[in-house]
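> Sharing a structure here in structure tokens format.
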Amino acid sequence: MEIIKFLESFTSDNLMAKTSSRRDVFGTFGELGKKAALAAIPFGLAVAPKKTFAFQDQNAAIGALQLALTLEYLEAEFYIKALESGVLPAGSDAEAIYEQISKHESAHVSFLIDGLGDNAVDSPTFDFTVGGTFDPFNENGTGQEVAYAQLLALAQAFEDTGVRAYKGQAGNLMGTPFLTPALQIHSVEARHASEIRRLRAHVMDMDLNQNALGWITMNNRGPGMPEATQAVYDGEENVTQGGVNLVNATEFTNVAVSQSYDEPMDGDTAATIAGLFIVS
Amino acid sequence: MKKIPVKVNLQESVNGKSNSRRQFLKVGSLAVVGTSLLLSCNNDDDNGMPDPDGVFDLGSGDLGILNYAYALEQLEAAFYTSVLDGSYWMSASAEEKLILEDLYKHEVIHREFFKAAITAAVNGDSSKVLPELEFDFSSVNFSDRGSVLGTAKVLEDTGVAAYNGAGTYITTPDYLVIAGKIVSVEARHAAAIRSIYMDDPKAFAGDDVVDANGLDLAKPPSEILSAVGATGFIKTEFTANQLPED
């Protein structure tokens, strides 16, 4: 089964609407300087392929796992290329962290292929530069510093997307033997997301703040994240769970309450985000 | 000599499930297995009645799972409350201080959510809501970094394993999603604590908690409650005799 059949007529209205002005995006890069800002053209430029996610199979659980496999292909290839790129300082904690995450994402690919059997989708062809917008592997002369910043920003966006996407598929896996392993992958993605966030804060010498500790505050994508990654964070500001407004029910602010719960993301949104990096 | 205050019915085997998971992960058997799981879980006559000797039982079905989660969140919230009263936290580095303060807030918010949600689910019948538990953290030295962070690591990893292992017993989709919203935050906590406490840069998702398939811990309630009981942290007795099991 080809991924191209799996992803059809991509609708990226959400992300396309968020490309906004370059000036806003520059502002998000703060201390990293103009060099980084120039490279920080947002996701969702016109180079993005126009494809949409459509469940190939009537079985919601299989569709959920096919989406999961597609996201895992994306992550697995990203980390392998990151480690091969030479952008991560040799022998650094960052390299060790990427090695550990890479090991897990590749294992998730194998695990999901095994589980899906004949229903496994093939890996798409990815373009992590999004048509030359990014240069996370420093292949096009961006320079190590900017490439490193992009490598960290993309990792955070991918991990946070993974957490939200698995959560969004939980309902489709209810009552199936796939639910528990999916939950087990989901929490590993959350461990990754937490670590990448602190790593970014250290590498980019950010001030310690609510965005540098490992959790998502309101719908803040965090300092240094391109504005187009906002789609990954929209909705995270929710403070009402199961009908209970937890700001009203506790002594805490919406900052702490929003951090306490990660929100799900529907399959279309997850596929739209992944689709930005898919060539075919 | 600590007594184990949490009484758990440990008769069910917890070993068969993980061994056979790979076999179950065949799409061909999905519908059949899924159907039988759903049927076996539909029998939730939510009994959270106190037993004759006055010891609270968590109850059955989704109510039992919610009370179970409420117990774990009470434990975590009480622990971090004590951490913030201790001398280690007062003099900790800025990053460690902020992380622990956030964990305190998050766990109290989780605790208060379960209290409100369970109370609403049983129409205010407080006899079915786990009471406020009493805790004994005398075995933790809140002046000592290693004692605090080591305990936090165990509690967060346990929280992840508990939610991951309980998801399959939840029959109400909304509750499953809420459990998912919480477990990923527990996993973020676990990674943060491991990251600041352990020297190995890979410890945030170390090989001691993530297996060769890239899967995190998942443990059934019986195993979690047994482990929690063995810590001696929970003074108030309760039972878990009706929790769903395989």
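The values are calculated or read from the model by the stated rules, or taken from the named source; none is laboratory data. Because the structure is a prediction, the values reported are computed rather than measured. Counting neighbours? That spans all protein chains shown, and the Cβs are built from the backbone with ideal geometry, glycine included. For accessibility, only protein heavy atoms count, side chains too; no ligands or nucleic acids. Shrake-Rupley method; radii C 1.70, N 1.55, O 1.52, S 1.80 Å.
> Could you please let me know if A:Leu199 is more than 7 Å from chain B (Cβ to nearest Cβ), of a type in the set (A, V, I, L, M), open to solvent by 10 Å² or more (accessible area, probe 1.4 Å) and more than 30 Å from B:Asp62 (Cβ to Cβ)?
Yes: the conditions hold for A:Leu199.
> Follow-up question, since we're still on this one. Which one of the conditions (1) in a helix (DSSP H, G or I); (2) crowded, with 19+ Cβ neighbours inside 10 Å does B:Glu95 fail to meet, given that it meets all the rest?
Unmet condition: (2).
> Here's something else I'd like to know. In region A:251-264, how many residues are open to solvent by 10 Å² or more (accessible area, probe 1.4 Å) and either touching a strand residue (DSSP E or B) at 6+ places or on another chain (Cβ under 9 Å) or modelled with pLDDT of 95 or more (or both)?
If we filter region A:251-264 for residues that are open to solvent by 10 Å² or more (accessible area, probe 1.4 Å), which is where we start, we get A:251-255, A:263-264.
Then keep just the ones that are either touching a strand residue (DSSP E or B) at 6+ places or on another chain (Cβ under 9 Å) or modelled with pLDDT of 95 or more (or both); that gives A:252-255, A:263-264.
Count: 6.
> Test of understanding: among B:Leu75, B:Leu58, which residue is touching a Ser or Thr at 6+ places or on another chain (Cβ under 8 Å) and not β-branched (Val, Ile, Thr)? Give the steps one after another, and end with the answer.
Values: B:Leu75 fails: touching a Ser or Thr at 6+ places or on another chain (Cβ under 8 Å).
Matching residue, one of B:Leu75, B:Leu58: B:Leu58.
> Of all residues being in contact with a Gly (Cβ under 8 Å, 6 or more places away or on another chain) and touching a residue at least 40 places away in the same chain (Cβ under 8 Å) in region A:180-203, which is farthest from A:Ala107 (Cα to Cα)? Just the residue, please.
The extreme case among them is A:Arg200.
> Does region A:160-178 contain at least one residue that is within 7 Å of chain B (Cβ to nearest Cβ), surrounded by fewer than 24 Cβ atoms within 10 Å (Cβ to Cβ) and in a helix (DSSP H, G or I)?
yes
> Is region A:124-142 home to any residue that is in a helix (DSSP H, G or I) and touching a Ser or Thr at 6+ places or on another chain (Cβ under 8 Å)?
No, region A:124-142 contains no residue that is in a helix (DSSP H, G or I) and touching a Ser or Thr at 6+ places or on another chain (Cβ under 8 Å).
> Which one of the conditions (1) within 14 Å of another protein chain (Cβ to nearest Cβ); (2) open to solvent by less than 20 Å² (accessible area, probe 1.4 Å); (3) polar (S, T, N, Q) does B:Ser222 fail to meet, given that it meets all the rest?
(1)
> Does A:Gly242 satisfy the criteria of being at positive phi and buried (at least 22 other Cβ atoms within 10 Å of the Cβ)?
The answer is no for A:Gly242.
> Give me the pairs: first residue in region B:217-241 and over 15 Å from B:Leu58 (Cα atoms), second residue hydroxyl-bearing (Ser, Thr, Tyr) and open to solvent by less than 40 Å² (accessible area, probe 1.4 Å), beta-carbon distance under 6 Å, and six or more apart or on different chains, which are they?
The qualifying pairs are B:Ala218/A:Thr180.
> Mind counting the residues in region A:202-218 that are within 9 Å of chain B (Cβ to nearest Cβ) and assigned to a helix (DSSP H, G or I)?
Keep residues of region A:202-218 that are within 9 Å of chain B (Cβ to nearest Cβ), which gives A:208-210, A:212-216.
From what is left, the residues that are assigned to a helix (DSSP H, G or I) are none.
Residues flagged as within 9 Å of chain B (Cβ to nearest Cβ) and assigned to a helix (DSSP H, G or I) within region A:202-218 amount to 0.
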